[in-house]
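In what follows, a structure is listed as structure tokens, so that the remarks can point back to it.
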Amino acid sequence: MSHKLTIKHLLGLENVPASDMRKIIDVGFIFREILERPIKKIPTLNGKNIVNMFFENSTRTRISFELAEKRLSADVTNFSASSSSVNKGESLRDTVQNLLSMKLDCIVMRHPIPGSCYQVTNYVDSVVINAGDGSHEHPTQALLDLMSLKEKFGSINKLKVAIVGDIIHSRVALSNIYGLIKLGADVMVCGPPHLIQRGIEDLGVKVSYDVNQAIEWADAINILRIQRERMGVGIIPSIREYRKSFGITKERMLSHKKELVIMHPGPINRGVELDGEIADSEQAIILDQVLNGVAVRMSILYLLLGNNELLS
Ligand code: CP
């Protein structure tokens with residue numbers, strides 16, 4: 001297998017060919033096997049310097065990237081916007097150019113503004129990886145979701161995947177749609193009409209406003225968080241109403257009596273979009289997604305920054 005990608009940066013899945021995604025997932029499974037070993041560290045990125053720049057909160061993505069980088073023996077610097085000179089008015093361009101003048105090889109960046117990672121590629125020569133840019137894309141989340149589906153089902157081609165929840169504000173939804181469609185899956189998005197963007201069918205997905213229909217149709221369901229922090233601006237009338245109409249509740253799952261794989265990118269609001277009993281059940285692969293997140297991020301870093309010899 002050639003360990004080269006056609007892309008220089010990972011900014012989103014919209015412009016990543018299926019062959020690159022397949023390679024990232026296949027190499028991800030090699031790293032997943034390495035993660036099961038007693039000694040999980042390999043010298044692949046020895047001497048490479050990576051900065052994790054998080055301008056927005058994160059638990060899974062930030063720690064997962066840091067673990068992936070350290071397990072590949074890279075030198076890691078963590079930048080947190082809340083304790084940086086961004087608070088003194090420094091621009092994104094100045095922040096990034098100052099950091100890169102310290103000879104860094106790669107920026108992993110999360111930022112609230114859509115397109116900010118693409119913007120950074122205009123300022124620097126180093127590799128840029130999008131760890132979530134506003135409501136635009138979250139490509140590494142989608143790749144770990146794809147890897148988890150492949151692990152569970154053996155193939156993504158023809159798989160029926162429903163994405164349920166706040167689609168319009170979700171970077172996870174958009175990256176999953178691009179990735180799933182390119183790898184041959186059938187995709188349905190489901191949620192309240194005002195939380196699904198008009199014209200989304202043009203991306204090749206089905207639309208449903210009935211979660212029971214989505215459950216009956218799907219092999220796997222990826223459940224998205226309703227963002228409580230946006231309740232104040234009336235994103236949904238009430239949490240109770242949302243749970244009743246769209247929640248993946250214990251009662252709803254019992255009434256369908258069907259094998260359905262449950263996914264969630266986290267963080268979960270238990271008792272809102274997903275009941276705790278379902279999140280913790282045998283049907284859920286949520287914690288497998290988290291483990292695959294480390295493996296797939298190791299794969300991405302290796303394929304974008306490594307000398308591509310150690311795994312050949
Ligand atoms: N899935 C995800 O992006 O989680 P974090 O916000 O905790 O990184």
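The values are calculated or read from the model by the stated rules, or taken from the named source; none is laboratory data. What you are looking at is a predicted structure, and each value in this text was computed from that prediction instead of being measured. Glycine also receives a Cβ, built like all others from the backbone with ideal geometry; neighbour counts cover every protein chain displayed.
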Query raised in the report: Of the conditions (1) of a type outside the set (Gly, Ala, Ser); (2) crowded, with 20+ Cβ neighbours inside 10 Å; (3) assigned to a helix (DSSP H, G or I); (4) touching a residue at least 60 places away in the same chain (Cβ under 8 Å), Ile278 fails just one. Which one is it?
Result: (4)
Report task. Could you tell me whether Leu92 is among the aliphatic types (A, V, I, L, M) and without any contact (Cβ under 8 Å) to a residue 60 or more places away in the chain? Result -> yes
Report task. Please identify the pairs in which a residue from the range 258-270 that is of a type outside the set (A, V, I, L, M) has its Cβ atom under 7 Å from the Cβ atom of a residue that is more than 13 Å from the ligand (Cβ to nearest atom) and in a loop (DSSP other than H, G, I, E, B), counting only partners at least 6 apart or on another chain. Result -> Asn269/Ile226
Query - Hey, Ile168 aliphatic (A, V, I, L, M), assigned to a loop (DSSP other than H, G, I, E, B) and away from the ligand (no atom under 16 Å from the Cβ) or not - result: yes
Query raised in the report: Which of the residues that make up the range 210-223 are without any contact (Cβ under 8 Å) to a residue 60 or more places away in the chain, part of a loop (DSSP other than H, G, I, E, B) and either crowded, with 16+ Cβ neighbours inside 10 Å or at positive phi (or both)?
Result: Ala218
**Report entry** Residue within the range 241-262 that is surrounded by 14 or more Cβ atoms within 10 Å (Cβ to Cβ), within 16 Å of the ligand (Cβ to nearest atom) and either within 25 Å of Glu151 (Cα to Cα) or under 20 Å from the mean Cα position of the chain (by Cα) (or both) present
**Finding:** yes
Report task. Might you check whether a residue that is within 15 Å of the chain's Cα centre (by Cα) and either modelled with pLDDT of 95 or more or surrounded by fewer than 16 Cβ atoms within 10 Å (Cβ to Cβ) (or both) occurs anywhere in the range 182-197? Result -> no
Query raised in the report: Is at least one residue of the range 20-37 more than 19 Å from Cys106 (Cα to Cα), in contact with a helix residue (DSSP H, G or I) (Cβ under 8 Å, 6 or more places away or on another chain) and assigned to a loop (DSSP other than H, G, I, E, B)?
Result: no
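Applying the selection to the range 35-59, what residues are farther than 26 Å from Arg93 by Cα and either touching an Asp or Glu at 6+ places or on another chain (Cβ under 8 Å) or in contact (Cβ under 8 Å) with a residue 40 or more places away in the chain (or both)?
Scanning the range 35-59 gives Leu35, Ile42, Pro43, Thr44, Leu45.
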